[in-house]
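Take a look at the structure set out below.
The values are calculated or read from the model by the stated rules, or taken from the named source; none is laboratory data. Everything numeric here is computed off the predicted structure, so don't read it as measured data. With ideal geometry, Cβ positions are generated from the backbone for all residues, glycine too; neighbour counts draw on all protein chains shown. Only protein heavy atoms, including side chains, enter the accessible area calculation; ligands, DNA and RNA are left aside. Shrake-Rupley method; radii C 1.70, N 1.55, O 1.52, S 1.80 Å.
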Amino acid sequence: MTQTPSQVIDAIVQAAESAQSATLQDFVNAASTYVMNSAALSASDKKRHQIALSRVLGFALKTDLVAANPRMANIQVGEIDVYGGLRRGQSDLVEFHDGDGIRFAAELKPVNLAVGRAIWNRFGDIRMFAVNVHIKFPFSVLAGI
């Protein structure tokens, strides 16, 4: 039985998320399948897959960070509320410490099919995220990917 593009992407994402130790290759496979088949997806499927792809990328980044520094094993992946100096936002990866607050946070902005102004808007989102968090946690390490 032939799977639809949506089913193929779902299968890749579910496999990566179930272990919660996705690799960058898992993300590349899922993102490539998404890009190659996006024309066949409905608008709601596109949005759902974009959110899922961000989660897979988050787990892949966590896997790599923990491999490089096992003390970062408590990184949370998902849309985590972060209260910065200017407003409340959400971050895709966060490492909190009871005494220090945010030690590490990353904002993921995949540009799978974005063009033109949409790409520049994502850069602006990352810049605003960094300014907001650094005002309240000046010694935190922030990443924008």
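The residues of segment 26-66 that are touching a residue at least 12 places away in the same chain (Cβ under 8 Å), open to solvent by 60 Å² or more (accessible area, probe 1.4 Å) and either within 12 Å of the chain's Cα centre (by Cα) or under 30 Å from Phe96 (Cβ atoms) (or both), listed by number, are Gln50, Arg55, Asp64. Residue pairs whose Cβ atoms lie under 8 Å apart, separated by 6 or more positions or on different chains, with the first residue in segment 73-88 and under 15 Å from Val133 (Cβ atoms) and touching a residue at least 40 places away in the same chain (Cβ under 8 Å) and the second assigned to a strand (DSSP E or B) and of a type in the set (Ser, Thr, Tyr), are Val82/Ser91. From the list Arg103, Arg127, the lone residue that is touching a residue at least 12 places away in the same chain (Cβ under 8 Å), of a type outside the set (A, V, I, L, M), open to solvent by 40 Å² or more (accessible area, probe 1.4 Å) and closer than 19 Å to Val77 by Cβ is Arg103.
Within segment 130-145, residues that are free of Cβ contacts under 8 Å to residues at least 60 places away in the same chain sit with their Cβ atoms under 6 Å from residues that are among the aromatic types (Phe, Trp, Tyr), at 6+ positions apart or across chains, in these pairs: Val141/Phe104.
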